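What follows draws every value from the coordinates through simple rules; no lab data is involved. In this text the structure is predicted, and so the values were computed from the model without any measurement. Cβ sites come from the backbone with ideal geometry, for glycine too, and all protein chains shown count toward neighbours.
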Amino acid sequence: MKELLIMAKSLGGGGSEVALIELINALPEELYNITLVLLDSDNEYAYRLKKNVNIVQLTFNSSFAKSLVSMYAFPAKVLKKLSVNSFIAYYDFISNCVTNVFEKTYDIAIDFYGYGSFVTAFLATKIQAKKKATWLHDEKPYWMKSVQKYLCEYDKIYGVSQAVVDAFCREYPHYKDKAAVFYNVIDIEEIKRKSEQDEIIPFKESFNIVTVGRLTEQKGYDIAIKAASILKKRKINFAWYAIGGGRDEKKLKKLVEKYCLENQFVFLGRKKNPYPYMKHCDLYVQPSRHEGYVITLVEARALCLPILSSDIPSAREQIQDGINGYVAELSAEDLADKIEYLYNNPSQRKKTVEYLKEHPIDFSTELLKLEII
């Protein structure tokens with residue numbers, strides 16, 4: 001049995017945390033003894049863990065050091081201006097404030113937080129392992145420049161999509177040989193099972209659209225709201241439901257009020273089980289500005305839903321326009337145009353749904369990549 005250590009931010013918050021849990025659940029218990037080291041205590045998704053995992057909370061010798069761990073301790077515009085040497089000093093200081101002692105030598109150690117965060121530096125310098133891998137979850141890893149010094153300690157640099165790997169290799173070509181794709185693993189059968197659970201769905205007698213994701217600029221909800229305003233002006237009978245929470249909630253609700261969309265654009269908040277809502281919608285829309293690998297698109301594909309996504313590189317890896325879904329330019333106008341087209345052409349929605357039913361998703365080869373780090 002191999003000793004596997006995984007470091008991550010938390011068990012709650014967003015898509016990367018869901019991906020972490022799905023990866024752990026997919027690992028064979030007879031092959032791996034897993035230690036999961038977490039920065040934060042958020043355990044919103046802990047109930048999804050199916051495996052017995054040794055969970056360790058990273059602790060610090062001061063609350064000040066703990067506050068510096070988050071990539072969001074300082075505004076991004078400040079972090080981007082820091083020199084590499086400043087970042088190294090910053091990370092080294094925090095590493096020396098950690099009170100946990102990791103004496104074991106692991107077979108594999110994974111920095112699942114990635115992004116060039118503090119964890120990338122800590123795992124490189126403070127964890128002993130035969131093989132090490134770090135993860136990239138986004139096409140725009142602003143912090144990677146800060147940890148170039150530490151990347152030489154890693155055997156693999158995994159991106160969650162080809163788009164992520166390509167973006168990384170353009171910026172850091174000298175690490176090209178270490179970079180590879182490792183798609184987020186999702187339990188397809190579990191998603192289908194959860195979609196069948198009883199849930200009171202507040203859908204109206206209209207064309208019901210669903211979007212799932214954090215309420216942040218990245219997810220493009222502002223674009224969705226503006227598209228909804230256009231649809232309303234065109235007299236389309238629709239209702240758009242947003243599932244998720246996040247720091248932009250107040251701002252987005254004000255935008256809904258500005259466009260008088262209270263009856264058309266509905267915030268449902270976070271849902272432990274969003275799948276019944278997804279299953280019963282007429283169209284699933286993902287208007288993200290950028291993503292690493294869009295997990296909600298995988299989930300929508302698993303449920304064989306009519307899908308419309310923004311035309312971003314990572315979405316193109318999943319959606320073939322007009323075949324298993326549709327893509328729209330990253331604008332409110334084009335998003336509204338495509339929604340109106342699909343609203344008026346149910347046969348086109350049905351065609352993509354039938355294709356998804358005939359081409360199921362298979363993640364069986366992804367876990368083998370851990371064996372060849």
Which peptide among 365-372, 346-353 comes first, and what is the full order, when sorted by highest mean count of other Cβ atoms within 10 Å?
-> 346-353, 365-372
Which value, in Å to one decimal place, does the Kirkwood hydrodynamic radius take for region 197-327 when every pair of different Cα atoms is included?
-> 14.8 Å
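One quarter of the convex hull surface, Cα atoms only: what value does that give for region 2-185 in nm²?
9.9 nm²
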Using only Cα positions of the chain, each an equal point scatterer, no hydration layer, compute I(q)/I(0) via Debye at q = 0.06, 0.11, 0.15 Å⁻¹ and quote the log10 values to two decimals.
-> -0.24, -0.80, -1.36
Restraint check, Lys126/Lys149; Lys50/Lys104; Lys235/Lys351; Lys194/Lys351, Cα-Cα greater than 21 Å | Lys50/Lys104; Lys235/Lys351; Lys194/Lys351
Quick one: dipole size for the chain, taken about the Cα centre, charges +1 on Lys/Arg Cβ and -1 on Asp/Glu Cβ, in debye to the nearest 20.
-> 960 debye
Enumerate by residue number the GluC sites (Glu not before Pro) in region 304-355 meeting two conditions: DSSP loop (anything except H, G, I, E, B), and at most 13 other Cβ atoms within 10 Å of the site's Cβ.
-> Glu329
Sparse-neighbour loop sites [GluC sites (Glu not before Pro); region 243-305; at most 14 other C-beta within 10 Å; DSSP] | Glu262
